[in-house]
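Trainee: Input: one structure, supplied below.
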Amino acid sequence: MSQLTILRGYKDPDKNDLLCDYLRLPQSSTPLIDLSATFGVHGTNQVFYGNIYLFDHFLCFKSYDLRSCVATIPLYSIRRVERLSTINQPGTLALSFILWHGLKLVVQLNTLKPNSDDFCNHLKRCLRDQLGLMKSVKGFAKGCYSEWLVGEDIDDTNDANDANDDINHDPTSTHHHGLGFLFKFPGDPKKLREKSKLRLWKDYFRLHGRNITLVRYPQFTRLVQVGLPSKLRGEMWEILSGSIYDRFSHPGLYQQILDEHAGESTMATDEIEKDLNRSLPEYGAYQDPVGINALRRVLTAYSWRNQELGYCQAMNILVAALLIYMSEEQTFWFLDKICTRILPGYYSASMYGTLLDQKVFEHLVQRTMPSLHEHFTASDIQLSVSSLPWFLSLYINSMPLVFAFRIIDCFVAFGPRVLFQVGLAALKVNSDKLMDATDDGMVLSIFRDYFANLEESVSPQSSDPKVLNITNFSELLVVAFREFSVITDDTIIEERRRFRGGIIKSIELFSKRSAIRNLKDYGKFGVDGVNKIFDHFFYALCKTPTPLAALPPSTPSKLRISEELSDRTETVIDLTTFRVFLSDIASWARDEKMITNGFQQRVVRSVPENEIYTKMFHKWDYTGRAALGLQDLVKGLNGVMFNGLLDNIEWFFTLHDSDNDGYLTKDELVQLSESLLFIFRAEPGDAYLGAVSKFMTNAFEYADSLIEQPQAVKEGDKDKAETVKKEAKQKDPLSATEASDNCIPGSPQVNNDDPYINLPTFRMVCLADELLEAFFDQDLTRSFSFEHVPQSAIDHPLIDLSTLDDIGIGSTGLVGNILGGIFSKDNKEMLNGLADEIGKSFGKHHVEYRPAFGRVNSQVEVEEKRRPAPEEKDSSIVSGMANLLSSTPSWFSRSKSDHGRQEQEQVHEREMVEKPSSGTISSGGGSGEQAEEEALLDHQHTSTNGESHLASIKAAQEALANRQAFAIDQRDDNDDDDTLDDSLHSTEEAGGEFAIGSDEDEDMMDEVDAIDLDDQHAIGAEEAAKILNAPVDKDQRI
Amino acid sequence: MSENQKPVQVKLVLLGEAAVGKSSVVLRFVQNDFQEYKEPTIGAAFLTQKCRLEDKVIKFEIWDTAGQERFRSLAPMYYRNALSAVVVYDITSSSSFDKAKSWVKELQRQASPNVIIALVGNKLDLVEKSEENEDYLDDVASFDQNAVSEPSQTHSRAISRDEAQAYAEESNLLFFETSAKTSEGVVEVFTEIAKKIPHEQILNSTKSRAQDQSQQNNVSLNSTENQPKQVGDNCAC
């Protein structure tokens, strides 16, 4: 049950995050400048309109039509920038960028001069900053298969670079490569048309750049969709996911991690070890130490890199699959990309990403195939039983490898929506059979059979070879990307947002249940009590800031806590969190001030500093790991909350007996008195102060007297003290004399850290005082109580509820959320501060310290200013004790202003925690707006373009007429156009020119067309309808 | 009631720490096969097996779950409505026994109230061999270093039969020690479970399924009448 607080810290991606994800940038950042521009690659005839973005390390272009052109160019790969003459278009700025591979990009900025000047200045600065990295490009590119591919017959290329000259013809010695180069790639290379594909890619690379300088053009998408050639696959995955930039910027890190942690073993490495031989065991490399060791290294290195995540089963299968196509280092960075950016939370300890996406998937089924969903509900079939493994292993262990890799190709290129689209398509294609299924088991076997037969033809009886060639797999892809083209990235983001709260809640509930179940000992609390303790525990965990308050707020501090302290199976808390925990339970452990200012009354709580927290923390640390788990807390509380008088005295004594020898030293006795004073700090009047000082005097007197008469107790347990005393005298006469100075004159000489007073004596002294007796008899035990932690506080722990509640604002449900947003910590602080100021000016400002026990008459209302400072009472303390106290630093010497400052710190700390909550709320609205805007843009763009393809529209409309209306279409009722638009979109592109294709490749491209989804230019509308009708008909029957 | 065409369906779920051999026990039972290296189960696997007990036919619907701790939150999805559960541990690993205990606890609280739980200590072959022949371990180690999937180098027994037996009796569980590799004890697990299944009750509840389908606590089995296409034996693959 670790990671609890991390779930809380989740922030929805904002506009910039989405942009950066789209552009595959390594980190999310804000573009320095963002201008509308025209973009083209020299040597091609295509020009695109879109936006050019300049980031610190990258120059990016994104065309308005999202399917057309994307370029992410690292600045270190830019060799030259030239200004082009724009005589015929005065006022505009055109630049040409010559990239490392000799590729020439032409960019015309469609903006005013000041903007373009600004752009140029930024660009100059950024390029200069990246100069140092340019040196690494050559070496890095050498490691890319694409270089070798293009340089293979270097004669017919006019490529300017000669880095490939020294490449010998065994490519494996120079470039990163997967195990497939040694152990064969899955699938028949002939059937997969590897050669044709490689040729097509080679042509593409020559024109559009490669590895770090690759520009994505429309035909690029098509080439990905037909399946990447095995030899190139690993590198393309790197480029498509952007993990290649991480690998570039962290050379050697992978090896370094391995070296640093060589020989260390953790829970993760143990788990990895168990699964090494169980990862794609049928593939040759994994029956051989070469493959097994590579797998071990990558998984281990990643468990170190991402300790929060560690290792999750299914990663072994994923990594084993990746290693066929990628080198270890490539796999490592690609895995990092998947775990942190593409599928966050999938493999985390709580697997919240997986659970969330299952929920999303289920809901998409409900939206797109309502009757099927109804059938599942009626038959009590849980879809995720089947679908969870699909998502978690990216279909790798559900389908034959050859097909799974095709899915991964698309997944890497287009993002997580592919997983959903393929899943939905699998349901749709099998919907007939699924409607007959009555339990989970039948559903599972339907899919198992289906996936096992993906290679079969859809209609084996057909006489038309073209139809015969359409396999189940191509049908699956067509349905996935065509029927379910309505599932966009935005859909997924939207759906995830919708269900996230619920998932987190259920995970937390589950954690609570299992944490409580894992308790070996409930003490005297019973289930109810233990539940309450958990609520407090969790609440404290949520609101406690990092122990290092000095860290800037942006540092993910909670991550640190759980990283350092979590032992993965159990969440534990550190001292800081423990103090907050205790302050919520024990009234003496918190400072509580009632502030009245004429407008409002509120209670401000803060946690003071004192040794006693540390003492309790260490006493309760039963397992000695410098952190407390739930069991420790239960045990600890059990030891104090059910005590009678004598138990409490003993408890308090033991708390201060740090070496557990049954004696307190003088120092410890002083500390104990300080603890008492601390506990009584908020009680009005002098009674407690007097009691403690009397206690001190008596304690020293009795202890001394017992030691003075060693003969009397020599036979008893006192002789030990005597011998120790003597020894100490011999050893350290100096400190012994010092100690004697501090003691009441005439007392024996005892070192400050020698055993001094034992429990019976201590008990006697305590019982001598009425107030102390009452304290140990009832007050101490009573001071512990489980206040009700409101459910809403657990739901929104980041909003300070004590304050909100006091001004009469509930915070449940929607209203609560909105108000929570308005009353962000900042606002509230301001509001409260303002009210205080006004109150002060009216003389209404009033602060009352709430006593912790209230035994002594507490009706004396004390104003903050007049609060009796402990120092003033020195006179009433016997001089000996005053002496002792002043010699030791304690909270006692602190003034009120110190208290004030602590409070401020506390408030400040809270602010830090609460910021994310308000951030989430505001960004949520923002990105929604943006999505709408984008949709609008897309819409306009599509319709204008569409006009030029009247003929295609007609075809599309025909196709549309044959097509069964889609459930999702009906649901969003504003979109008769939408459906049309979608078809327009595809047909419009069909009108576009298809540049690739020499004669011999035509055959190959036929296949491309057959499964191509966005462009069906070669398939007539009739044929398309044929393919599409198959699944559609099924739907009709539902 | 003992018509052969109407097998009694028994949903059975396997739980336990990762790599204790849950899938292997099932594989042995369903296909009488053993694979040294079985891919870890992601989510859960589903298999069926029919067996005959006296005059009744019982069809086990076996849910084999993923063992890693983080998959634990998924388990309720699989053990809901289960009539019986097999909690597996590895007799050479004491942590797996602790995990087994916590599974038992969870089942007793969260699963159907009358769920029949069997505690199974697997990998009996490891200790038997090492007890018989001390050199065996060295052989394994030198044969293929990577093949030793268990981190505990010495395959000595960590949980004695007596200890487990005592725990099982105290918690009211069936108890077995098995070896999926040699098949020792595997079939007995399922036979004993089959014997304990209250058949009458199931058939009755099957008939009245329509009414109490929504009640989770009821022993709800999938009706055979509404199921023209049986998953059948060919599913056990």
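Trainee: Would you confirm whether any residue within the range A:171-184 is among the β-branched types (Val, Ile, Thr) and either modelled with pLDDT of 90 or more or closer than 30 Å to residue A:293 by Cβ (or both)?
Mentor: yes
Trainee: Consider residue A:455 against the criteria (1) of a type in the set (D, E, K, R); (2) part of a loop (DSSP other than H, G, I, E, B); (3) more than 13 Å from every other protein chain (Cβ to nearest Cβ); (4) under 27 Å from residue A:346 (Cα atoms): it satisfies all of them except one. Which criterion is unmet?
Mentor: Against the list (1) of a type in the set (D, E, K, R); (2) part of a loop (DSSP other than H, G, I, E, B); (3) more than 13 Å from every other protein chain (Cβ to nearest Cβ); (4) under 27 Å from residue A:346 (Cα atoms), residue A:455 comes up short only on (4).
Trainee: Among the numbered criteria (1) part of a strand (DSSP E or B); (2) surrounded by fewer than 20 Cβ atoms within 10 Å (Cβ to Cβ), which one does residue A:664 miss?
Mentor: (2)
Trainee: Now for a different question. Would it be correct to say that residue A:681 is under 21 Å from residue A:575 (Cα atoms), surrounded by fewer than 21 Cβ atoms within 10 Å (Cβ to Cβ) and either among the small types (Gly, Ala, Ser) or in contact (Cβ under 8 Å) with a residue 24 or more places away in the chain (or both)?
Mentor: Here the answer is no, as residue A:681 does not meet what is asked.
Conditions tested, residue by residue: (1) within 14 Å of another protein chain (Cβ to nearest Cβ); (2) part of a helix (DSSP H, G or I).
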{"residue": "A:323", "(1), (2)": "no, yes"}
{"residue": "A:345", "(1), (2)": "yes, no"}
{"residue": "A:371", "(1), (2)": "no, yes"}
{"residue": "A:377", "(1), (2)": "yes, yes"}
{"residue": "A:394", "(1), (2)": "yes, no"}
{"residue": "A:404", "(1), (2)": "yes, yes"}
{"residue": "A:412", "(1), (2)": "no, yes"}
{"residue": "A:418", "(1), (2)": "no, yes"}
{"residue": "A:423", "(1), (2)": "yes, yes"}
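Trainee: Another question, then. Taking the condition within 27 Å of residue A:410 (Cα to Cα) and either within 14 Å of another protein chain (Cβ to nearest Cβ) or buried (at least 16 other Cβ atoms within 10 Å of the Cβ) (or both), does residue A:219 pass?
Mentor: Yes; evaluated as a whole, the condition is true for this residue.
Trainee: Do you know which residues across the range B:18-48 are over 22 Å from residue B:99 (Cβ atoms) and within 12 Å of chain A (Cβ to nearest Cβ)?
Mentor: Selection gives B:35, B:36, B:46, B:47, B:48.
Trainee: If the requirement is being among the small types (Gly, Ala, Ser) and more than 25 Å from residue A:341 (Cα to Cα), which of these qualifies: A:263, A:242, A:234, A:252?
Mentor: A:263
Trainee: Step by step: first the residues of the range B:56-74, then only those that are away from chain A (no Cβ under 14 Å) and of a type in the set (A, V, I, L, M, F, W, C), then the one that is farthest from residue B:124 (Cα to Cα). Which residue is that?
Mentor: B:57
Trainee: Looking at the structure I just gave you, is residue B:96 part of a helix (DSSP H, G or I), of a type in the set (S, T, N, Q) and at negative phi?
Mentor: So residue B:96 passes the test.
Trainee: Read through the list (1) more than 14 Å from every other protein chain (Cβ to nearest Cβ); (2) on the phi > 0 side of the Ramachandran plot, then give the number of the only condition that residue A:280 fails.
Mentor: Failed condition: (1).
Trainee: Scan the range A:74-84 and give yes if some residue there is under 17 Å from residue A:37 (Cβ atoms), surrounded by 13 or more Cβ atoms within 10 Å (Cβ to Cβ) and of a type in the set (Ser, Thr, Tyr), otherwise no.
Mentor: Checked against the condition, which is being under 17 Å from residue A:37 (Cβ atoms), surrounded by 13 or more Cβ atoms within 10 Å (Cβ to Cβ) and of a type in the set (Ser, Thr, Tyr), the range A:74-84 yields no hits at all.
Trainee: Look at residue A:440 and say whether it is over 25 Å from residue A:376 (Cβ atoms) and either surrounded by 22 or more Cβ atoms within 10 Å (Cβ to Cβ) or away from every other protein chain (no Cβ under 14 Å) (or both).
Mentor: Answer is no for this residue.
Trainee: Which one is farthest from the other protein chains (Cβ to nearest Cβ), of the residues in the range B:94-113 that are out of contact with any helix residue (DSSP H, G or I) (no Cβ under 9 Å at 6 or more places or on another chain) and surrounded by fewer than 22 Cβ atoms within 10 Å (Cβ to Cβ)?
Mentor: Across the range B:94-113, the extreme among qualifying residues is B:113.
Trainee: Still on this model: Does the range B:75-84 hold any residues that are over 17 Å from residue A:518 (Cα atoms) and either more than 7 Å from chain A (Cβ to nearest Cβ) or under 14 Å from the mean Cα position of the chain (by Cα) (or both), and which are they?
Mentor: Selection gives B:78, B:79, B:80, B:81, B:82, B:83, B:84.
Trainee: Being within 13 Å of chain B (Cβ to nearest Cβ) and either outside any helix (DSSP H, G or I) or not charged (D, E, K, R) (or both) is the filter here; which residues of the range A:289-302 pass it?
Mentor: Listed by number, the residues that qualify are A:289, A:290, A:291, A:292, A:293, A:294, A:295, A:299.
Trainee: Now for a separate question. Quick one: in the range A:588-612, which of the residues that are out of contact with any strand residue (DSSP E or B) (no Cβ under 8 Å at 6 or more places or on another chain) and small (Gly, Ala, Ser) is surrounded by the fewest Cβ atoms within 10 Å (Cβ to Cβ)?
Mentor: The qualifying residue surrounded by the fewest Cβ atoms within 10 Å (Cβ to Cβ) is A:598.
Trainee: Now, a different point. Quick test of your reading of the structure: residue A:460 fulfils all but one of (1) surrounded by fewer than 14 Cβ atoms within 10 Å (Cβ to Cβ); (2) more than 14 Å from chain B (Cβ to nearest Cβ); (3) in contact (Cβ under 8 Å) with a residue 60 or more places away in the chain. Name the failing condition by number.
Mentor: With respect to (1) surrounded by fewer than 14 Cβ atoms within 10 Å (Cβ to Cβ); (2) more than 14 Å from chain B (Cβ to nearest Cβ); (3) in contact (Cβ under 8 Å) with a residue 60 or more places away in the chain, residue A:460 is out only on (3).
Trainee: Next up: Report, ordered by the first and then the second residue, all pairs with beta carbons closer than 9 Å, sequence separation of six or more or different chains, a first member in the range A:27-53 that is outside the structural domain of residue A:69 (by TED's automatic domain parsing), and a second member that is surrounded by fewer than 19 Cβ atoms within 10 Å (Cβ to Cβ) and not β-branched (Val, Ile, Thr).
Mentor: As it stands, the answer is none, since no pair meets every condition given.
Trainee: Please work out which one of (1) part of a helix (DSSP H, G or I); (2) in contact (Cβ under 8 Å) with a residue 40 or more places away in the chain; (3) among the aromatic types (Phe, Trp, Tyr); (4) within 13 Å of chain B (Cβ to nearest Cβ) is the condition residue A:286 fails and give its number.
Mentor: The one condition residue A:286 does not meet is (2).
Trainee: So is residue A:142 over 32 Å from the mean Cα position of the chain (by Cα) and farther than 24 Å from residue A:45 by Cβ or not?
Mentor: Against the criterion (over 32 Å from the mean Cα position of the chain (by Cα) and farther than 24 Å from residue A:45 by Cβ), residue A:142 qualifies.
Trainee: Contact list please: Cβ distance under 8 Å, first residue in the range A:309-321 and facing chain B (nearest Cβ under 8 Å), second residue part of a helix (DSSP H, G or I) and of a type in the set (Phe, Trp, Tyr), pairs at least six apart or on different chains.
Mentor: Listed by first residue and then by second, the contacts come to A:313/B:71.
Trainee: Keeping to the range A:256-268, report how many residues are within 9 Å of chain B (Cβ to nearest Cβ) and closer than 18 Å to residue A:291 by Cα.
Mentor: Residues that pass the stated criteria total 0.
Trainee: Of everything in the range B:39-68, what is modelled with pLDDT under 90 and in contact with a Leu (Cβ under 6 Å, 6 or more places away or on another chain)? Give them in sequence order.
Mentor: Answer for the range B:39-68, where residues must be modelled with pLDDT under 90 and in contact with a Leu (Cβ under 6 Å, 6 or more places away or on another chain): B:42, B:43, B:46.
Trainee: Tell me which of these residue A:305 doesn't satisfy, since it passes every other one: (1) closer than 21 Å to residue A:409 by Cβ; (2) at pLDDT below 95; (3) away from chain B (no Cβ under 11 Å).
Mentor: (1)
The values are calculated or read from the model by the stated rules, or taken from the named source; none is laboratory data. On a predicted model such as this, the values are computed, not experimentally measured, just so you know. Counting neighbours? That spans all protein chains shown, and the Cβs are built from the backbone with ideal geometry, glycine included.
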